Amino acid sequence: MVKPACHSPVLSYQRTTGNPARPPHLTVLFGGRNLSRMIRQESRRIICAFLFVAVLAPLVPSNASNTSTAVSRIDRHAVVERHNPRITRLDPDAPLSVGNGRFAFTVDVTGLQTFPAAYREQGIPLETQARWAWHSNPNPNGYQLKDTYRLFDEHGRKVGYPTDQAGSAGQWLRRNPHVLPLAQIGFDLRDANGAAVEAHGLSRIEQTLDLWRGIVTSAYAVGDQPVTVVTACHPRLDLIAVRVESRLLREGRLRIKLAFPFTHDLSRKLTPGIDWSRPERHSTEMARPSARRADFVRTLDDTRYFTVLAWGGKASIEETKRHHFLLTPARDGERLEFILAFGAGPLSDALPSIDATMEASGEWWRDFWSSGGAIDLAASRDARAYELERRVVLSRYLTAIQLNSDVPPQESGLTCSTWYGKHHAEMVFWHLAHFALWGWDEPVEKTLRWFESRLPAARALAQERGLRGARWSKMVGPDMRESPGGNPLIIWNQPHPIYLAELLYRNQPRPETLERHRAVVLETAEAMAAYTHWDGRRYVLGPPLWIAQEIYDQATSQNPSFELSYWAFGLDLAQKWRRRLGLARSPDWDRIIDHLAPLPVKNGLYVALESHPDTFDNINSRRDHPTMLAPIGLLPGYLADAATMSRTLDAVLAAWDWKAKIWGWDYPMIAMTAARLGRPGIAVDILLRDAPNNHYTASGHCPQDGDIAVYLPANGSLLTAVALLAAGWDGTPNADAPGFPKNGDWTVRWEGLRPLP
């Protein structure tokens, strides 16, 4: 049972006793005070509050309180504009990107991809990516997933999981399919003597990303000659528009180089470089070049895609070597404009102009920033408020340009490749939940549609594992085929589609929302229920399984605290969906909820899992994700006790190994726990803690140690946590920024944010 912290009402799941079919219930607890007396008192307070709102509130100044919701409209343009990234040197950790959610283009300080080696060697690669661009190497040996199976003992029956990633079959199946990098385009810059200009040859660098319009302006000098470049992405087409102004054009010292790579270096799973080494393995056909346009057809095994380079004014294009092209403008002016477009199919003869693309970009981004949620921390006295607001604004931009696709994103989005570009299903909540909380449902809808389209594969996987319903793979490409490794034994990804569907329904409480997502919700819950095992006195999870804290033996792990709470929460949400759909609650699901194993406790603290309760006894166990905190924080407290969780939070803060691999999403997760426990000071402190994997670059990225240059779960979890801190959660006694300290140092103005369950 969840106990309240600081007399805050906490929605608490309470298990019933006696009849196991009795449906669970939620109880609002108010610090043990008499509920009926409180109801009478609250009735009087409501009447007084109504009179105040109707009569006296109009006389009160709009910013009278320390923390304030949007009693007056936030100047959104001012909030966004003050965090426009401004780059004054070549910073390998801070290239800037433009994109539309399914396609993105990342530039260096020149406004194109002129010096990729200077970025890849030290920071974030310069790539062009689209979520539709996938490739698989030939499979002459006919490798199948069953070739990587290892049998695990699952309560007396043998079940195969594809965990062998080291063998030839495992390596091929992990690496294929993989995301395919598209073209690189940059400047061929020459000095007064005709020699190629290197990155250190630039001076007077002034680069700005106008977040309000989604446009990058790059200014710099080559020798004494200034160059200005404007770069934008079309919001509906996979197309960039570029305008260049410089006397170098008239002098013949600035040309455009376009090159098509083979693929990534697949020997590296984390931030691999682009592979240019095998030009014979792919083809680039320049079709029907004309005075203003060149079409390219790219072929790599069974993958084919199309590219168009179109320009204004006189210019000529030639192939300088295989897959490499050079556009040379005529020396009759000081402006060059061009577009570069990509598609899985042939591209239209009528593509938008540079002006039309930039206007469309400006309109889309103005609409984006003007709708949904916003937060303004400018009036706060805490010196950290500016940095938190900066991280929020840049995270909103980065997630918008990279996570709105028909295929779920990889952890590095569309900036670069990690884990071969595959989607990690356990990250889908961090990637997407914030969109619903900030009032933009479209990315969540797209991903749930993908889940719906992959239901046949999920049903087949469930059946293979001896389950009913739909079981979701963990590390997948667009086909949802599992990838070998420890991944198939992870289970905390299973309830995510239910949670995301619930967030959508809270925003769109309509019958059509229920019908649209009923199959995913109910079949996911069915598989979750079937996965539990009755051991004679309770329902258990595992073994085998791999808990969210990925450090324990998969073959022996049982009853992890986070996953137990998530199972109860997910099944109860699914029961609510059944009732909304006019169906009776499932007695089987209720029986499981009522008799799930309790969250494991040792020495008065929640531990990671029951089978290995050494979380706070062994320093080697105090690393990776401290997800024993998630039941109150990410989740609303099912099966959890607030007092025990508060002690556990203190233990994590005091004893966790912060120098080991604690990840970028752990900080927001811990902050959410502190906020729900009524400890807002800790919530803000941990969210902004100066610690490994919690640093945000000038462009808003949160690199992770271990060669992970871009990690969008950090950005998404930050936005989720800030929504909770500002808008609260169900049952919050005061939804006026309950997660921020009330010490006079924080003035929080917000609007359009949604509370969490």
- Semi-axes (Å, rounded, descending) of the ellipsoid equivalent to segment 321-384 per its C-alpha gyration tensor are 39, 19, 15
- Item | Residue (of Leu266, Gly99, Gly678) at the positive-pole extreme of the chain, dipole from beta-carbon charges | Gly678
- Amide H neighbours of Trp134 under 5 Å, at least 5 residues apart or on other chains, H built in the peptide plane: list them. Leu180
- Task: Give, as a single signed number, the net charge of other residues whose beta carbon lies under 12 Å from the beta carbon of Met358, with Lys and Arg counted +1 and Asp and Glu -1.
- Result: -3
- Message: Which order do the peptides 142-151, 541-550, 322-331, 259-268 come out in when sorted by mean C-beta neighbours inside 10 angstrom, highest first?
- Response: 541-550, 259-268, 322-331, 142-151
- Item | Neighbour cut-off at most 12 other Cβ (10 Å), DSSP loop, trypsin sites (Lys or Arg not before Pro), segment 508-612 | Arg537
- Note on the structure: Rounded to the nearest 5, the percent of antiparallel DSSP beta bridges in the chain equals 95
- Query: Structure shown: which of Lys158/Lys659; Lys257/Lys446; Lys269/Lys321; Lys314/Lys446 lie over 31 Å apart, alpha-carbon to alpha-carbon?
  - Reply: Lys158/Lys659; Lys257/Lys446; Lys314/Lys446
- Residue (of Leu145, Pro668, Val229) at the positive-pole extreme of the chain, dipole from beta-carbon charges: Pro668
- Task: Rounded to whole Hz and in sequence order, give me ³J(HN,Hα) for segment 568-582 from the Karplus expression 6.51 cos²θ - 1.76 cosθ + 1.60, θ = phi - 60°, writing x for Gly and Pro.
- Result: 5, 5, x, 5, 5, 4, 4, 4, 4, 5, 4, 5, 4, 7, x
- Given only helices, namely DSSP H runs of n ≥ 4 each adding -39500 (n - 2.57), what is the per-residue ellipticity at 222 nm of the chain, to the nearest 500 deg cm²/dmol? -9000 deg cm²/dmol
- To the nearest 20 debye, the chain has a Cα-centred charge dipole, built from +1 on Lys and Arg Cβ and -1 on Asp and Glu Cβ, of 1500
- Among Leu327, Ser483, Ile593, the residue whose Cα sits farthest towards the positive end of the charge dipole of the chain (+1 at Cβ of Lys and Arg, -1 at Cβ of Asp and Glu, taken about the Cα centre) is Ile593
- Can you work out ³J(HN,Hα) from phi for every residue in segment 495-506, in order, using Karplus 6.51 cos²θ - 1.76 cosθ + 1.60 and θ = phi - 60°, giving whole Hz and x for Gly and Pro? x, 3, x, 5, 4, 5, 4, 5, 4, 5, 5, 5
- Message: Against the 2.2 N^0.38 Å scaling, with N counting residues, where does segment 624-757 land? I'd like the Cα-based Rg ratio to two decimal places.
- Response: 1.02
- Message: Defining a contact as two alpha carbons under 8 Å apart and six or more residues distant in sequence, what relative contact order in percent does the chain show?
- Response: 16
- Counting only residues 5 or more places away or on other chains, whose amide H sits under 5 Å from the amide H of Arg471 once H atoms are built in the peptide plane? Arg459, Leu461, Ala462
- What full-extension length gain, to one decimal in nm, is calculated for Arg381 and Arg247 as 0.36 nm per residue of separation minus the Cα-Cα distance? 43.5 nm
- Tell me, what ³J(HN,Hα) does each residue in segment 382-397 have, in order and in whole Hz, if you take phi through Karplus 6.51 cos²θ - 1.76 cosθ + 1.60 with θ = phi - 60° and put x for Gly and Pro? 5, 5, 7, 4, 4, 5, 5, 5, 4, 4, 5, 4, 5, 5, 4, 5
- Query: Given the Cα-Cα distance of Ala195 and Thr208 and 0.36 nm per residue of separation, how much length would full extension add, in nm?
  - Reply: 1.9 nm
- Message: Just want the ordering: Tyr305, Tyr566, from fewest to most Cβ atoms lying within 10 Å of their own Cβ.
- Response: Tyr305, Tyr566
- Item | Average projected area [Cα convex hull, segment 78-192], square nanometres | 13.6
- How big is the Kirkwood radius of segment 275-432, worked out from every pair of different alpha carbons and given in Å to one decimal? 19.7
- Query: Based on the mean of other beta carbon atoms within 10 Å per residue, what is the order of 156-162, 221-227, most packed first?
  - Reply: 221-227, 156-162
- Once amide H atoms are placed 1.01 Å from N in the peptide plane, what residues at a sequence separation of 5 or more from Leu414, or on another chain, have their amide H within under 5 Å of its amide H? none
- Note on the structure: Rounded to whole Å, √(5λ) for the Cα gyration tensor eigenvalues of the chain, largest first, gives 46, 33, 22
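Every number here is computed from the coordinates shown, using simple stated rules; none is lab data. Note that the coordinates shown come from a computational prediction; the quantities given were computed from them, not determined experimentally. Methodologically, a virtual Cβ is constructed for each residue, glycine included, from the backbone with ideal geometry; neighbour enumeration extends over all protein chains shown.
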